[in-house]
Amino acid sequence: MVGPAQTHRLESGGLIDRAAPLGFRFDGKSLAGFQGDTLASALIANGIKLVGRSFKYHRPRGILTAGSEEPNALVELRTGARREPNTKATTAELYDGLEAASQNRWPSLRHDLMAVNQLFAPIFVAGFYYKTFMWPAKFWEAVYEPAIRRAAGLGRAAGVADPDHYDKAWAHCDVLIAGSGPAGLAAALAAGRSGARVILCEEDFAFGGRLLADGGTIDGVPAAEWITRALGELATLPDVRIMNRTILFGVYDGGTYGAIERVNDHLPSPPEHQVRQRLWRIVARRCVVAAGAIERPIVFAGNDTPGVMMASAMRTYVARYAATPAKRIALFTNNEDGWRTVETALAAGLQIAAVIDARPDVSAAHRALAAKGGFAVLNGSVSGVEGGKDGVRKIAVALTGGARAEVEADGLAVSGGWNPAVGLTSYHRGRPKWRDDIAAFVPDSAPPGMVAVGAANGAFGLGSCLRQGFAAGAAAARDAGRSGNAGAPPVADDEDFSLTPLWHVAGKGKAFVDYQHDVTASDIELAQREGFESVEHLKRYTTLGMATDQGKTSNVAGLAIMAVVSGKSIPETGTTIYRPPYVPVAIGAFAGHHRDENFHATRLTPSHHWAAEQGAIFVDTGLWRRAQWYPRAGEKDWLESVTREVKAVRGGVGFCDVSTLGKIDVHGPDAGAFLDRVYINTFSNLAVGKARYGLMLREDGIVYDDGTTSRLAENHYFLTTTTAKAGPVMQHLEFCRQVLFAELDVQLTSVTDQWAQFSIAGPKTRDLLREIVDPAEDLSNEGFPFMGAREVALRGGIKARLFRISFSGEMAFEISVPARYGDALVRNLMLAGKPFGVTPYGTEALGVMRIEKGHVAGPELNGTTTAADLGLGKMMSTKKDFIGRVMARREMLVAPDRQVVVGIKPVDKTRRLRSGAHIIPKDKTPGPDNDQGYVTSVCFSPMLDQWIGLGLVERGRERIGEIVHAHDPLRGEDYDVELCSPVFYDPDGGRQRG
Amino acid sequence: MRIVCPFCGERELGEFTYLGDAKPARPAAGATENEVFDYVYLRDNVAGPMSEFWYHGGGCRAWLKIARNTLTHEISSVEPAAGVGARQVGA
Ligand SMILES: [Zn+2]
């Protein structure tokens, strides 16, 4: 779509492609631009000056800059799920069909009712959040915050999931270069010619930096030609990678850098199978920062009127985009560089209204230019701007000496000097140093391996940018061990640079320092009067520099004004700490592909696909997905299914996939001695072919993990951990092996993923196993007694490991086969078990049976309990040293009134018990003083036909039979419960031994 | 951050897990409660060069002893931690 004529577009010139017209919409209005435009330049070409409303006061705002430092021209870009708030019009590339909307206005940009906020300006002064809304607290949520959010703010998030993909990638190089201006390109040429692996990142879609607008002569040819030549040469170098639309946003330790590549932001939506943005982590031996400088405003009344623009931005729009922000331009400058805008404007046939120069001495060349252009050069400063949402009309000038003047103009270009972009060099808490000659902060130091050059280093002349960039590129290559011939450096002249510092001009009306957060000069004066003088306090009290632009155009002016009112110098006042990211980075880019089902890796058990076929309900346990229960047709809820599964196991036979348990093979002549040191009980004396339950402590004496460990051969143990602790226990055991007990000859191998393991439980377990296991294997109680463990052959010859261990309390075995046979085994178990009514059971039934048997698990091994608390104190060997032994004997860990594991059941047998309920003595008032513990695990016991539970209760084991009170303020429940033995079912353990 | 594992070469931080101060050595069997208490709980709050335990869990599973400056993250040496965490071999 192509809209109407572009009223503010020059007939010729600019780096736009007039053969490629583009249509776009702003606030619903159809407009036209060209390929090569940004949204900002296209808006300007269409004569649009008003682009947004300010954050607090809803003042009309226009475009201030032509880069990523823009504080005003923030729009909602795109629509629907791709709507992106707070997008800078100055960096958004125009594409055909682009839709943008202004922000923070109601009902429309031109008639914003919230502009009444200006009348209430006194309440929006510095610190207003702290002063006005401190009390009462509940008013904050109910009244103030919603009101502020309506009245003050930025754009709206899409509110729905982002449909696009984001990528994350690594790159490695010798020399990383930030910026493709003269310094950056010179650095790339030097490093590339030297044979270095080079990556150059340019934020813009076009290369050349300031040369794109300002031109110049390099090596005797026009800058544009030199850029083309340089890029051409770089393209021939084998290891030089030039990336546009990519900006370095962070510096991390060890030469690691963060960059964001806006791969497809310049298109309506990414082409199929392509990402929207890519987050780069670049590892570089050396980094050359050629990120340029940011022109700074001068603070004066009305300096936020649409049509007031940075001088460099004004000439960028004219020269690079052939778009005219104004027809009759006034320039307010305190330095030589601002005059370039006059030259550019005159060359484009625009009128200059006047130049207001704060410096007393203006060069003869400029005076001649003024005479030729027919405009006045006024020595003084701008004290006010008359105008409004339709732009600038008249400019009030305070002349040096006290007289006043007025200038009629429809645009005001402002230059207060240049601030080197010191972000990247300061991210390791570097403090830039002040340079009086340019009245700016420059890098004083940089993170290891990094150097700043050109304008980023305070060298504003074209010749010195080239020299510094080239020298740094050659040195960086040499440091990285590349010794090729860098050849001759590019040469250009240095322009004069002179500047008289000027930060703030007194005048009537609001004078803005931070445009995006509506912080005025008087806010800074107020902060100083109220004692918030330190720059870090100033920042937080006024919110100066805390908006999405991070104060790129405002911070230095803000602290300069603070310096004046507090009677200090600017270096004494200092800067705030610089922190990444340099530009906002989408959360989606940091997440990359790790979202939704790919948020983390998913581990599937060997029986997963079979269980899914059965319609199992799954539960996430860490990274694992485990079958929770297997519903059958006609069952009305989970409880009915789980109860059936438990009864089927206790009455017949069932199986459960327990492959998620951590499994570690422990090999070596000292394997037994090693285990003796990491478990509280002894394993060196475990007979080959036997399994034993083990408990591990942390070194502070608290229980760490538990599991069974079997001795499969003289020098080979097979250790299991809980599902949750599989990784941490492996790490802990490696620490013990490598660091604490390095003298032991032992090896550890994680085999969790290598073995599929199933628990087969119930009185008919042997009947089922005999169908699976080679008939030659003796599975009788004598041939394979309780706690036996050995390798067996299955029918068909596959080797399996069989362990006669029981978590359910039934006659049970656990069987392990290589993981690739897990699916086949589970299908065979179902087939062979059919005559016995074999029933698969999930983690719920597993949990019910362990509570019925009083076995402790995660809720009891909670990082606060000792072995004695769990009723396992007797396992603690007194004959050997082990991890946690000494600390476990500390007074408070063996105190008689500790909360210990006990069984709990409601007095009213029909009542549901809930975990988390607190235990209170019968005659005491519920409350922290009378709290004696809490319920840790509950289940409905099919065998007892009532709810039962385990809990940690003060002196619980001495109080069996006592009726206490369960207090559950979270659910508003209070009821009586009886403390009982934690073993609810088959207390003498006959079933598992049978 | 980058760590040069003596077994795997230079790798990025995400492959490693930090444990803490490598100075305290585990007291041998028979140590008093106070000695063990100090080993478990007493740590210097180091601002500057520090000797630390790191685990290369995303690589070779070696425990490493790394000299790192806590102010700058500069790493001056990386070596296998074998045996350095025990004061003497337990009985
Ligand atoms: Zn390694």
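The values are calculated or read from the model by the stated rules, or taken from the named source; none is laboratory data. What you are looking at is a predicted structure, and each value in this text was computed from that prediction instead of being measured. Neighbour counts are summed over all protein chains in view; Cβ atoms, including those assigned to glycine, are modelled from backbone coordinates with ideal geometry. Please note that ligands, DNA and RNA were not included when accessible areas were found on the heavy atoms of the full protein model with its side chains. Shrake-Rupley method; radii C 1.70, N 1.55, O 1.52, S 1.80 Å.
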Under-5 Å amide H pairs with A:Val414, H placed in peptide plane, nonlocal only: A:Met309, A:Met310, A:Ala311, A:Phe332
Computed over the stretch A:353-426, Cα set: Rg, Dmax in Å: 15.0, 45
In short, the stretch A:871-891 residues buried by 40 Å² or more of accessible area relative to the isolated chain (1.4 Å probe) are A:Asp881, A:Val886, A:Met887, A:Arg890
May I ask you to give the solvent-accessible area per residue for the stretch A:662-750, in square angstrom, as obtained with a 1.4 angstrom probe? 29
Straight-line reach from A:Lys880: which aspartates and glutamates have Cα under 13 Å away, leaving out those fewer than 8 places along the same chain? A:Asp676
With N denoting the number of residues in the stretch A:662-750, provide Rg(C-alpha) divided by 2.2 N^0.38 Å, to two decimal places. 0.96
Projected label distance in nm at A:Ala405 and A:Leu639, using a 7 Å step from Cα toward the beta-carbon: 9.0
Between B:Arg2 and B:Val46, 0.36 nm times their residue separation minus their Cα-Cα distance comes to what? 13.8 nm
How big is D for the stretch A:499-573, in µm² s⁻¹ as a whole number, if Stokes-Einstein is applied with the Kirkwood radius of its Cα pairs at 20 °C and 1.002 mPa s? 176
Sites A:Thr7 and A:Asp620 - FRET efficiency at Förster radius 45 Å, r taken between beta-carbons, to 0.05: 0.15
So the label point goes 7 Å from the Cα of A:Thr864 along Cα→C-beta, right? Which residues of the stretch B:16-57 then have their backbone N under 12 Å from it? none
Whole number please: convex hull volume per residue, Cα atoms of the stretch A:1-57, in Å³. 88
Which FRET efficiency value, to the nearest 0.05, is calculated for A:Gln118 and A:Ala506 with the Förster distance at 25 angstrom and r the Cβ-Cβ distance? 0.75
What net charge do the residues around A:Ile960 carry, taking every other residue with its C-beta under 14 Å from that of A:Ile960, with Lys and Arg at +1 and Asp and Glu at -1? 0
For A:Ser915 and A:Glu743, extending 7 Å from Cα along the Cα-Cβ vector and measuring point to point gives, in nm, a value of 4.3
In the stretch A:935-994, the trypsin sites (Lys or Arg not before Pro) that fall in loop regions by DSSP, at most 12 other Cβ within 10 Å: A:Arg971
For chain B, calculated [θ]222 nm from helices alone, where every DSSP H run of n ≥ 4 adds -39500 (n - 2.57): -3000 deg cm²/dmol
On a C-alpha basis, how far is the centre of the stretch A:876-910 from the centre of the stretch A:754-782 in Å? Whole number, if you could? 35
Over the stretch B:2-80 - Rg/Rh using Cα atoms and the Kirkwood inverse-distance radius: 1.04
Nearest-0.05 FRET efficiency for B:Thr72 and A:Asp493 at R0 = 41 Å, using Cβ-Cβ distance, is 0.50
Cross-link pairs beyond the 22 Å C-alpha cut-off, checked among A:Lys690/A:Lys799; A:Lys853/A:Lys879; A:Lys394/A:Lys539: A:Lys853/A:Lys879; A:Lys394/A:Lys539
Sorted by chain and number, the residues with a modelled amide H under 5 Å from that of A:Val773, at a separation of 5 or more or across chains, are A:Arg795
Extension gain A:Ala171-A:Asp361, at 0.36 nm per residue separation less the Cα-Cα distance, in nm? 63.3 nm
Cα centroid separation, the stretch B:1-68 to the stretch A:490-541 (Å): 48
Just the number, please: carbon plus sulfur as a percent of the accessible area of the stretch A:1-78, 1.4 Å probe, no ligands or DNA/RNA counted. 53
So A:Arg603 and A:Glu714, fully extended at 0.36 nm per residue minus their Cα-Cα distance, gain in nm 36.7 nm
Report the Cα centroid-to-centroid distance between the stretch A:387-420 and the stretch A:787-858 in angstrom, as an integer. 85
Would you mind working out the accessible area per residue for the stretch A:896-993, using a 1.4 Å probe, and quoting it in Å²? 48
On C-alpha positions alone, give me the angle between the axis of helix A:822-833 and the longest principal axis of chain A, in degrees, nearest 10. 40
Nearest-5 percent of antiparallel DSSP beta bridges in the protein assembly as shown? 75
Reachable aspartates and glutamates from A:Lys88, criterion Cα separation under 14 angstrom, eight or more residues apart if same chain: A:Asp37, A:Glu69, A:Glu70, A:Glu76, A:Glu99, A:Glu203, A:Asp204, A:Asp265, A:Asp549
Roughly to the nearest percent, how much of the accessible area of the stretch A:808-941 is carbon and sulfur, given a 1.4 Å probe? 54
Counting only protein heavy atoms with a 1.4 Å probe and every protein chain in place, the carbon and sulfur fraction of the accessible surface of the stretch A:951-994 in whole percent equals 50
What are the trypsin sites (Lys or Arg not before Pro) within the stretch A:591-651 that DSSP puts in a loop, where the Cβ has at most 14 other Cβ atoms within 10 Å? A:Arg595, A:Arg632, A:Lys636
How shielded is A:732-745 by partner chains, expressed as the average number of their Cβ atoms within 10 Å of its Cβ atoms? 6
Most fluctuating residue given options B:Phe53, B:Phe16, B:Phe37, as computed from a GNM of chain B linking Cα atoms under 10 Å: B:Phe37
Around A:Gly179: net Lys/Arg minus Asp/Glu count, Cβ-Cβ under 12 Å: -2
So what's the protein assembly as shown giving for Rg/Rh, alpha carbon basis, Kirkwood Rh from the mean inverse pair distance? 1.07
Inter-label distance for A:Phe590 and A:Ser108, nm, one decimal - labels placed 7 Å from Cα along Cα-to-Cβ: 4.0
Buried accessible area, chains A and B (both chains, 1.4 Å probe, Å² to nearest 100): 2500
